[in-house]
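The values are calculated or read from the model by the stated rules, or taken from the named source; none is laboratory data. This is a predicted model, so every value here is computed, not measured. Neighbour counts run over all protein chains shown; Cβ positions are idealised from the backbone, glycine included.
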Amino acid sequence: MSTTEFQLTPPPGKAPAPGWRLVRGLAPAALLYILLIGWLAHSLYSRTQWWQEADEANLREWLDEARVFRKSLPELVREYLAEREKNALPWELNSENASLGALAVKENEIRDQITALADPTRAYTGQLPLFPEIYRIEVHFADRSLEPIVWDSPTPRPRRQNQTRIQEFDHYLLGESDRRAWLHVEYRLHAFNKIRQDEERRAQLTWGVGALVLFASVGALVWVYYSLKRERAREVAKFQIEQQKEHAEKLALEHELRRQEVERHRDELDRKLLEQSLETERQQVRAAEAERSALELKSQLYASIGIMAGSYAHNIKNLLVRPNDLLSRCLESNGLSRPQEHMLKEVRHTLGTVTERLQQILQTVRRDPSRSEMTRLDLHSIVQDTQQTWEEMARDKWKLNLQVETPNEPLFILGDPSHLQQAVENLLFNARDATFEMRNALREQARSDPKLDVPARQQAVIEAAAWKGLVTLRTRREGDFVVLEVQDNGIGMTEEVRQRCTQTHFSTKRDNALYEGLNSGSGLGLSFVKMVLDHHGATMDVESTPLRGTNFRLRFRSA
């Protein structure tokens, strides 16, 4: 095959079908037609709506402002309704015959008014081209006991053929806010010259549309011609490139076959090594699965215990009502010695402390962040309650130090104490899990350090297991805002995790995200904090670095 034949003779089955080329060429023209027709339809519809709205506005102004008997139609209707209300009073306050006579007079005035409005348009039909031709006027009332007042034109209705259609519209006479009476009108505007103007307008639009369609057709044909021409040149160039590519691929294939033969032996050796590595990983996965199952069972157990504890706390709280009442009665009675009174007060104080603790348990179990009871409170009280509640457990159970750094001045904010307490505790639990993960990371790092011998590695693992975390609750004032920071030296977060940490149900799903049966992998803790802050009008910034810890900064407006 010569070079010329190689470039100009396409192989069978490679060239695109002519129909497909035609479709691709006509696509721009079809799109142009669709856009053009849509634009024309929208323009005609908008113009029609504008004409109709203008006509209805003029007719509404004429009906409201025309004064045949020195009063407009809305004024007559308002007087008629007022007379009707007088007629509804008891017999002692009015005269029935006089009221009914006045009511009939008002009704006749309304009928005369609409008759006087409509008669000139009927009498001068064909002579006053801008007057509306009225066929029927009805005055309706919201009170069903009142009959509508109707004026019907004796002029016969026009035929629909070659005539403008009869239009209808309703209008509240007393305004949109007072709908006790409304007007229903059947009319035809511009009866004298509207038809001729519409015909001329339609003729002009037809010529304009025809010119646009002709111009678009010529442009579409030119577009199709040049599109097909460019497509043909592109296909020839593409075919030449494909032939050259096939030749280069043949040479590359031969080289690849030789290379694959060499790599096959290498892959066989790598496969054997990989099988050994996979077997080791399977054993580690099975051990991790067993540990995860144990933690999940423990988490479910603690969740059930929490529900049961909430029920028991509620029952015990109800049982404490009667002893508190009896103690109050004993203290109010006379004849008690000072030691007895002191002991009873101490018992009442102890029962009050028990009641507060039970209330905290119930608030923890049944806390809804969307129902806030805002009060003016000192943020120090939230921090101090958190420290008093969890400091001992943090030191003995969680292996971390809980520190508090607060200024001497009070920091007042508007908030719900129960919700804010839960939010701060959630941040504390998040910091607790981060330090737990950091301890596991240090333990794994010590176990896998190749530079240490066995005794040194064991010592490093023991030191990692004894590592203690640090969580600091810090408050301060910044201008008109009060800032609360919860900082830890835990595992930290990557930038992706930091950006998504407050999303509902988002969790890293790590095995060590479970601590002492408390499920921290549900993705609800930080989302709850975000919801509480939104209801309080507060914001939260998160600063975190992997293996360096995390700092949650909450900013409230000072109260």
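Against the numbered list (1) at pLDDT below 75; (2) surrounded by 13 or more Cβ atoms within 10 Å (Cβ to Cβ); (3) not hydroxyl-bearing (Ser, Thr, Tyr), Trp62 comes up short only at (1). What are the residue pairs meeting all of these: first residue in the stretch 273-288, first residue within 20 Å of Glu444 (Cβ to Cβ) and outside the structural domain of Glu444 (by TED's automatic domain parsing), second residue of a type in the set (D, E, K, R) and assigned to a helix (DSSP H, G or I), Cβ atoms under 8 Å, and 6 or more apart or on different chains? Close Cβ pairs satisfying both conditions: Ala288/Asp511.
For the stretch 394-422, what are the residues that are of a type in the set (S, T, N, Q), exposed (fewer than 15 other Cβ atoms within 10 Å of the Cβ) and under 17 Å from Phe481 (Cα atoms)? Listed by number, the list holds a single entry, Asn408.
Kindly indicate which of Thr494, Thr472 is in the same structural domain as Ala538 (by TED's automatic domain parsing) and over 22 Å from Ala288 (Cβ atoms). Even if it seems obvious, please write down each step before you answer.
Details: Thr494 fails: over 22 Å from Ala288 (Cβ atoms).
Criteria check complete, one pass: Thr472.
Taking Ala220 as the residue in question, decide whether it is surrounded by 15 or more Cβ atoms within 10 Å (Cβ to Cβ), part of a loop (DSSP other than H, G, I, E, B) and at pLDDT below 80. First the steps, then the outcome.
On the way: surrounded by 15 or more Cβ atoms within 10 Å (Cβ to Cβ): yes; part of a loop (DSSP other than H, G, I, E, B): no; at pLDDT below 80: yes.
Here the answer is no, as Ala220 does not meet what is asked.
The set of residues from the stretch 463-497 being among the acidic types (Asp, Glu) and touching a helix residue (DSSP H, G or I) at 6+ places or on another chain (Cβ under 7 Å) comprises just one member, Asp488.
May I ask you to say which residue of Thr475, Thr502 is touching a His at 6+ places or on another chain (Cβ under 9 Å) and either surrounded by 12 or more Cβ atoms within 10 Å (Cβ to Cβ) or not in a strand (DSSP E or B) (or both)?
On the way: Thr502 fails: touching a His at 6+ places or on another chain (Cβ under 9 Å).
One residue alone meets the criteria, Thr475.
Tell me, please, whether a residue that is more than 30 Å from Ile37 (Cβ to Cβ) and more than 48 Å from the chain's Cα centre (by Cα) can be found in the stretch 202-221. No - not one qualifying residue is present in the stretch 202-221.
The set of residues in the stretch 223-236 being surrounded by fewer than 12 Cβ atoms within 10 Å (Cβ to Cβ) and not aromatic (Phe, Trp, Tyr) consists of Lys229, Arg230, Ala233, Arg234. A Cβ distance below 9 Å, combined with a sequence gap of six or more or placement on separate chains, defines the contacts here; from the stretch 213-224, residues that are of a type in the set (Phe, Trp, Tyr) reach residues that are surrounded by 11 or more Cβ atoms within 10 Å (Cβ to Cβ) and in a helix (DSSP H, G or I) in the pairs Trp223/Gly25; Trp223/Leu26; Trp223/Pro28; Trp223/Ala29; Trp223/Leu32.
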